[in-house]
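For reference, the structure discussed in these notes is given below.
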Amino acid sequence: MGLKKTVLVVTILSILSSLIVAEIIVIICGKQLYLYNWIITIIIPAIVAPVMSYFQVKLIFEIDSLEKQVRKLVIYDQLTGAFNRSFFLERAKDIISTAKHENKWIYVIMMDLDKFKNINDRYGHQAGDLVLQKAGELCRKHLRKADYFGRYGGEEFILILKDCDQKEAIKVIERIRMSISNAQVEHENHNIIFTASFGISSSQIFADDPQENLSMLIKFADQALYEAKNNGRNCSVVYQYTK
């Protein structure tokens, strides 16, 4: 509800409250109110309530807006729209704990933009920012509602996929990979093409400590990402567990 509608509702409620109070006084005192008394009962709150409530409601709206902005700054990476690292990792521990309790699989994916330093060196950091923004946009577009997407640092991102099997997880990641490889960013008359590599690990093994689980899954996803880079980049690799 907007500011004007809220002030209108407050004004109507004030008039109704004034009429109710007047009626109660009539009942208790047994006196009759004349027409001008009822007019005053309506006019005073109709004049005072909008003026008084406007500034109070406006202040409440401004505080609410500031709280949302602060929350957005605390939770999201402003450049890419992904969760920032600290919030993502904290949320990830809860997701892993829930998955372990419900005996469900989750997938942790490390994503890295290929040769990103070359983009910065050749086209400048502003172009690099545009590439990061585009990558973030494409990830958010192709992820499912249940998935989580965070910026791990620099050109590296981290994702959590839940409520799916390995086939579905790979399908989601390949959809993101293909959309990135088919995209381009325009900057100063240059069409910049970029790709990304992915390392995927799954929660086949659970430790007792959620932090240990998260660290382990990130470690394995990183190893798979390293293999993807060695395989020529622009691909995804699933970590193979060995006993």
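Quick notes on this one:
Residue-by-condition table, conditions (1) within 17 Å of R85 (Cβ to Cβ); (2) modelled with pLDDT under 95:
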site	(1), (2)
Y107	no, yes
D114	no, no
L132	yes, no
G150	yes, no
I160	yes, no
S179	no, no
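- Within region 116-130, the set of residues being of a type outside the set (A, V, I, L, M), closer than 18 Å to G81 by Cα and in contact (Cβ under 8 Å) with a residue 40 or more places away in the chain comprises Q126, D129.
- Checking S97 against (1) surrounded by 17 or more Cβ atoms within 10 Å (Cβ to Cβ); (2) outside any loop (DSSP other than H, G, I, E, B), the condition it does not meet: (1)
- Number of residues in region 120-174 that are of a type in the set (D, E, K, R), closer than 20 Å to S97 by Cα and surrounded by 15 or more Cβ atoms within 10 Å (Cβ to Cβ): the value is 2.
- Some residue of region 231-240 being charged (D, E, K, R), in contact with a helix residue (DSSP H, G or I) (Cβ under 6 Å, 6 or more places away or on another chain) and more than 27 Å from K100 (Cβ to Cβ): no
- For beta carbons closer than 7 Å, sequence separation of 6+ or different chains, a first residue in region 88-109 that is assigned by TED's automatic domain parsing to the domain that holds A224 and touching a residue at least 24 places away in the same chain (Cβ under 8 Å) and a second that is surrounded by fewer than 17 Cβ atoms within 10 Å (Cβ to Cβ) and assigned to a helix (DSSP H, G or I), the qualifying pairs are K93/Q211.
Okay, residues lined up against (1) at pLDDT 95 or above; (2) outside the structural domain of L130 (by TED's automatic domain parsing); (3) basic (K, R):
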{"site": "A169", "(1), (2), (3)": "no, no, no"}
{"site": "A183", "(1), (2), (3)": "yes, no, no"}
{"site": "I192", "(1), (2), (3)": "yes, no, no"}
{"site": "A196", "(1), (2), (3)": "yes, no, no"}
{"site": "D208", "(1), (2), (3)": "no, no, no"}
{"site": "N213", "(1), (2), (3)": "no, no, no"}
{"site": "L217", "(1), (2), (3)": "no, no, no"}
{"site": "A224", "(1), (2), (3)": "yes, no, no"}
{"site": "K229", "(1), (2), (3)": "yes, no, yes"}
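- Here E155 passes the criteria (1) in contact with a strand residue (DSSP E or B) (Cβ under 6 Å, 6 or more places away or on another chain); (2) modelled with pLDDT under 90 except the one numbered (2).
- Failed criterion for R144 (all others in (1) assigned to a helix (DSSP H, G or I); (2) more than 16 Å from S201 (Cβ to Cβ); (3) modelled with pLDDT under 95 hold): (1)
The values are calculated or read from the model by the stated rules, or taken from the named source; none is laboratory data. What you are looking at is a predicted structure, and each value in this text was computed from that prediction instead of being measured. Using ideal geometry, Cβ is built from the backbone for each residue, glycine included, and neighbour counts are taken over all protein chains shown.
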